[in-house]
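This report refers to the structure that appears directly beneath it.
Any read-out appearing in this document is the output of simple, stated calculations on the displayed coordinates, not a laboratory observation. As the structure is a computational prediction, the values presented were derived from the model and not from experiment. Cβ placement follows ideal geometry from the backbone for every residue including glycine, while neighbour counts extend to all protein chains displayed.
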Amino acid sequence: MKIRWLLISGGLFLLLACLLTPILRVRDITVRETQFLLGTAVEITVIDRERKKTSEAISHAFEKIQEIDKIANFYNPQSELSRVNYEAQYHPVKLSNDLWNMVEISYRYGAITEGAFDITVGPLIKLWGWGSEHPQIPRSEKIKKTLPLVNYQLLELDYQQKTLFFKKPGMMIDLGGVAKGYALGKALEILKSHGIQHILISAGQILAQGFNPYKKPWRIGLQHPRNSQQLLTVINITGGTIATSGDYQEFFEVNGKRYHHLLNPHTGMPARQCQSVSVLDEDSTLADILSTALFVLGPEKGRALAEKLKIKALIVNDRGEVYFTSYFPRELEEKD
């Protein structure tokens, strides 16, 4: 007989399957802490033998997430990103190391995805009112007027000085598709630097390292975006991350039609061809970026790019049909 524990997080489930009387390592303890950061609940769980060490490691990991949240928060007028968005239209602006890292990788994947992932969507995000209490559908003429400001190729990066300049006044960058993955990856690095080997970080995106309390791989289940009772697949992870982008995470409805925050940079409207995309990778920043990019590209182009890059992806199209790339592991949980 088995017991099951489910943690629902952005369409992801954490499954711990074990015997009813598991044999635990004698001195191991599980320490878990949650804070609200990056616009969501961030939970860090570590398994180790020394409580003081684990508590200090978790504290340092959260400090790093807080630091990146303050740097990259599009909606915080005091963030470094907000300062850059104002100043970079006038002159090149020196970026901190973390902000540079996020901007640089975003720029690269803007090219790789042919603009499907584009951090210059900031003016569109603002136009739609995402992050406010009352987002609304903009007028088509306002979208048309804003679109010329959205093009990653209008970013001028100086790789030696680590500066950023906007080639058009009014441009803004939004790092909502990269900051979470980057921050969680940095948190994982800190935990590992403290000698922690068994780690789970959950913030909509899940990072897993080592083993769960029952000395088994962390088991992550992916839920269908329209049917909470349908589990699409379950995978074992001992070192990796799953990032999911979906039209159910932040949306509103008008006359029965759903409008969500994952905008197509080329049209200024919500991308319509997918309900969700999940990407499994060792790199949390890359998984975050590509889940957004593949969602915007849609099932056909998204699968083609994922296959080209050898990316493990699960795509649910607008009709609820499920597609796996050839590299994605599939292991439906056994029924008891």
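Which of rounded, prolate, oblate describes the range 224-308, given a ≥ b ≥ c as roots of the alpha-carbon gyration tensor eigenvalues and a/c under 1.5 marking rounded, otherwise prolate only if a/b is larger than b/c? Don't jump to the answer; show the numbers that get you there.
Values: a/c = 2.05, a/b = 1.37, b/c = 1.50.
Oblate, since a/c reaches 1.5 and b/c is not below a/b.
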Seminar exercise, completed: In this structure, the FRET efficiency calculated for His194 and Arg330 from their beta-carbon separation, with R0 = 41 Å, to the nearest 0.05, is 0.75
Exercise. Which value in nm describes the separation of the simple spin-label points at His60 and Arg226, placed 7 Å from the Cα toward the beta carbon?
Worked result: 4.7
Problem set entry | ³J(HN,Hα) computed for each position of the range 60-70 - Karplus, 6.51 cos²θ - 1.76 cosθ + 1.60, integer Hz, glycine/proline x | 5, 5, 5, 4, 5, 4, 4, 4, 5, 4, 5
Exercise. Based on the alpha carbon coordinates of the chain, what radius of gyration and maximum Cα-Cα distance (Dmax) apply, in Å?
Worked result: 20.3, 66
For this session: Report, by chain and number, residues whose modeled amide H sits under 5 Å from the one on Leu175, excluding near sequence neighbours (fewer than 5 apart, same chain).
Result: Phe74
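What do you get for chymotrypsin sites (Phe, Trp or Tyr not before Pro) in the range 129-222 restricted to DSSP loop and a cutoff of at most 11 other Cβ within 10 Å of the site's Cβ? Mind dumping the intermediate values first?
Details: sites: Trp130, Tyr152, Tyr159, Phe165, Phe166, Tyr182, Phe211, Tyr214, Trp218; in loops: Trp130, Tyr159, Tyr214.
Of the chymotrypsin sites (Phe, Trp or Tyr not before Pro), the ones in loops of the range 129-222 whose Cβ has at most 11 other Cβ atoms within 10 Å are Tyr159.
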Exercise. Using modelled backbone amide H atoms (1.01 Å from N, in-plane), which distant-in-sequence or interchain residues come within less than 5 Å of His198's amide H?
Worked result: Ile47
Seminar exercise, completed: Scalar couplings 3J(HN,Hα) for the range 112-122 by Karplus 6.51 cos²θ - 1.76 cosθ + 1.60 (θ = phi - 60°), nearest whole Hz, x for Gly and Pro, are 4, 9, 6, x, 5, 9, 9, 6, 7, 6, x
For this session: Quick one: what are the phi-derived ³J(HN,Hα) couplings along the range 127-135, Karplus 6.51/-1.76/1.60 with θ = phi - 60°, whole Hz, x for glycine and proline?
Result: 4, 6, x, 5, x, 9, 6, 9, x
Problem set entry | Per-pair calculated FRET efficiency, R0 = 30 Å: Lys308 and Ser82 via Cβ, rounded to 0.05 | 0.25
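What's the extension gain from Met269 to Glu114 if we count 0.36 nm per residue and subtract their Cα-Cα distance?
Working: separation 155, 0.36 × 155 = 55.80 nm, distance 1.72 nm.
Stretched out fully, the Met269 to Glu114 stretch lengthens by 54.1 nm.
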Exercise. Sorted from largest down, what three extents in whole angstroms do the Cα atoms of the range 127-279 have along their principal axes?
Worked result: 57, 49, 26
For this session: Rank these for me by crowding, Glu133, Glu87, going from fewest to most other beta carbons within 10 Å.
Result: Glu133, Glu87
Problem set entry | Cα→Cβ-extended label distance, 7 Å offset, between Val322 and Phe252, nm | 3.3
Seminar exercise, completed: Amide H proximity to Gln89 below 5 Å, modelled H, separation 5+ or other chain, gives Phe166
Exercise. Relative to the longest principal Cα axis of the chain, at what angle does helix 179-193 sit, 0 to 90 degrees, rounded to 10?
Worked result: 40
